[in-house]
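Remarks on the structure that follows.
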Amino acid sequence: MTTLTPATAADRTGVSIDTLRYYEKEGLIGPIRRSAGGRREYTEDDVFWIGLVTCFRDAGLGIADLREFVAILRSDHTPRDRVVFLRERRSAMEQRVAALHRAMGVLDEKIAYYS
């Protein structure tokens, strides 16, 4: 099995080594293998999980939501449970987007007023 150093895993996933450690500490990835010398060794599976977590973080999910979703993925929850979770988060994101659009409209009005 090919393993990656923390620096290589960080480069491949676009996150810092500190972020990798944080994700592991929070239980979002891992457990990460250790070499005989105690150094972290990342696998392709770990890189996949890091990418998944990063994608959801970029979408605005908080750590608590991520912990919940990872628990759903790693347990015997049904695919329906996963879909329900994701639909609820999508709805929350849509509400945030709508609120941002409203705020942008107000900002546009202020810009027009002061121009």
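FYI, it's all coordinate maths here, none of it is from the lab. Just so you know, these numbers come straight off a predicted model, no measurement behind them. Every residue, glycine among them, receives a Cβ derived from its backbone with ideal geometry; neighbour counts consider all protein chains shown.
For the chain, a simple Cβ point-charge model (Lys and Arg +1, Asp and Glu -1, everything else neutral) yields a dipole of about 140 debye relative to the Cα centre. Dividing the summed -39500 (n - 2.57) terms of all DSSP H runs of n ≥ 4 by the residue count of the chain sets its mean residue ellipticity at 222 nm at -23000 deg cm²/dmol.
Based on a Kirkwood Rh over C-alpha pairs, give the Stokes-Einstein translational diffusion coefficient of region 7-115 at 10 °C and viscosity 1.306 mPa s in µm²/s. The calculation lands on 97 µm²/s.
Computed from the Cβ-Cβ distance with R0 of 35 Å, the FRET efficiency linking VAL83 to ASP108 stands at 0.45. Computed from the C-beta positions of LEU100 and CYS55, the FRET efficiency with R₀ = 25 Å rounds to 0.80. The distance between label points at ARG21 and ILE63 comes to 1.4 nm (points 7 Å beyond Cα on the Cα→Cβ vector).
Dividing the mean sequence gap of close Cα pairs (under 8 Å, 6+ apart) by how many residues the chain holds gives a relative contact order of 20 percent. Mind checking region 34-115 for trypsin sites (Lys or Arg not before Pro) that DSSP puts in a loop (not H, G, I, E or B) and that have at most 12 other Cβ atoms within 10 Å? Sites meeting the loop and neighbour criteria: ARG39. Charged neighbours of LEU61, selected by a Cβ distance under 15 Å, balance to +1 (K, R count +1; D, E count -1).
If you take all other residues with their beta carbon under 15 Å from the beta carbon of SER115, and give Lys and Arg +1 and Asp and Glu -1, the sum is -1.
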